[in-house]
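What follows is calculated from the coordinates using simple rules that are stated; it is not laboratory data. Keep in mind that what you see is a predicted model, and the values were worked out from it rather than measured. Glycine gets a Cβ as well: all are built from the backbone with ideal geometry, and neighbour counts include every protein chain shown.
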Amino acid sequence: MRLVFFGSPEAALPALERLLGDGHEVAAVVTQPDKPAGRGKLLTPCAVKRFALSRGLAVLQPERIRNDPSIKDRLEDVRPDVHIVVAYGQILPAPILFLPRRRTLNVHFSLLPKYRGAAPVAWSILRGETRTGVTLMELNERMDEGDILAQEETDIRPDETAASLEKRLAVLGAGLLAESLGRIDRLERRPQDSRLATYAPKLRKEDGRLDWAQEAEAVDRRVRAFTPWPSAFTGFRDRRVIVLEGRVNPENTGKSVPGTILSSSGEGLRVACGRDIYVVERLQPENKKPMSAWDFSLGARIRDGERFSG
């Protein structure tokens, strides 16, 4: 099948690799423009562009695809059977959505209609879901509201971060896409029930701020949901500290003020939450490398009773 692939981050790679491995003709890859990265702010290509160039694929990088009519002209010349979208990062206009004879298909990392939007993986963890999955849908002009073609479920593991869960869902979605393309003309289209919809808006840096007055389980979900980006953080001695890993300790904190560091050891920092304790195991102080919480406590000479601020 002749197709155009739209995708940008590493999470889109399993699908693109699977399409090539199954013998589909990827006539073009549309991805985000190169972006500044690192201390030198050098323009850096995304994961999909790097992979596409390594395979000799044609790459298009419109700054704003909705405002670039030349892209539609170039895709018309390709004459694709179908467009495949996996974490592209821009909304496609109708002339591009409806250009292929088999329309435009999207792999979404949730069980639609739950978690429509830009950050379904993080929000599913943050809201305490125990199951999630991937959805193959036919895109229309409304955000994540197209007809469902296929779905596959999976458990969310208790210690899973957004990064590790997204990696699993990317592979799961690639398999679902490959299997579905093999019977594309026999797939049944199921309209979404918008009454059941929930939303997963784009994450902001400030969303990662930890509230120690919450129970430890809520703190743990935020740490896992916001790893690796935008990261869960707290304040300590007027500096920001990113919390990378930890675990819930159901021990009652008594009358301790939330955020109080009750003790430190090789196991981590025991921090008082609303009713119980969160043990910080790994963290990253501002402008420093990640380290164990124990090493941080030794270097900073933390005293029992000091506090993390919200």
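A simple count of charges around residue 126, restricted to other residues whose Cβ falls under 10 Å of its Cβ and scoring Lys, Arg +1 and Asp, Glu -1, yields +2. Taken along the Cα-to-beta-carbon direction at a fixed 7 Å, the label points for residue 247 and residue 157 span 1.4 nm. With all projection directions averaged, the alpha carbon convex hull of the chain covers 17.7 nm². Cβ-Cβ distance of residue 287 and residue 145, R₀ of 45 Å, FRET efficiency by 1/(1 + (r/R0)^6): the value works out to about 0.55. When the listed pairs 114/202; 167/288; 49/205; 205/288; 35/202 are checked against a 20 Å cut-off, the alpha-carbon distance exceeds it for 167/288; 49/205. The residues neighbouring residue 26, those whose beta-carbon lies less than 10 Å from its own, together hold a net charge of +1 under the Lys/Arg +1, Asp/Glu -1 convention. Label separation (residue 74 vs residue 240): 3.5 nm, computed from points 7 Å beyond Cα along the C-beta direction. The stretch between residue 306 and residue 130 holds 59.9 nm of extra length on full extension. This uses 0.36 nm per residue minus the Cα-Cα distance.
The protection proxy used here, the mean number of other Cβ atoms lying within 10 Å of each residue, ranks peptides 145-158, 178-191 as follows, highest first: 145-158, 178-191. For residue 259, the residues 5 or more places off, or on other chains, whose built amide H falls under 5 Å of its own are 272, 273.
Protection proxy ranking for 34-43, 105-114, 129-138, 205-214, using the average of other Cβ atoms within 10 Å per residue and placing the highest first: 105-114, 129-138, 205-214, 34-43. Taking amide hydrogens as placed 1.01 Å from N in the peptide plane, the amide H of residue 81 sits under 5 Å from those of 2, 3, each at least 5 positions away in sequence or on another chain. Mean sequence separation of contacting Cα pairs (under 8 Å, at least six apart), scaled by the length of the chain, corresponds to a relative contact order of 13 percent. Cβ crowding within 10 Å, taken as a proxy for footprinting-reagent exposure, orders 115, 278, 88 from fewest neighbours to most as 88, 115, 278.
Peptides 267-274, 53-60 ranked from most to least packed, by the mean per-residue count of other Cβ atoms within 10 Å: 267-274, 53-60.
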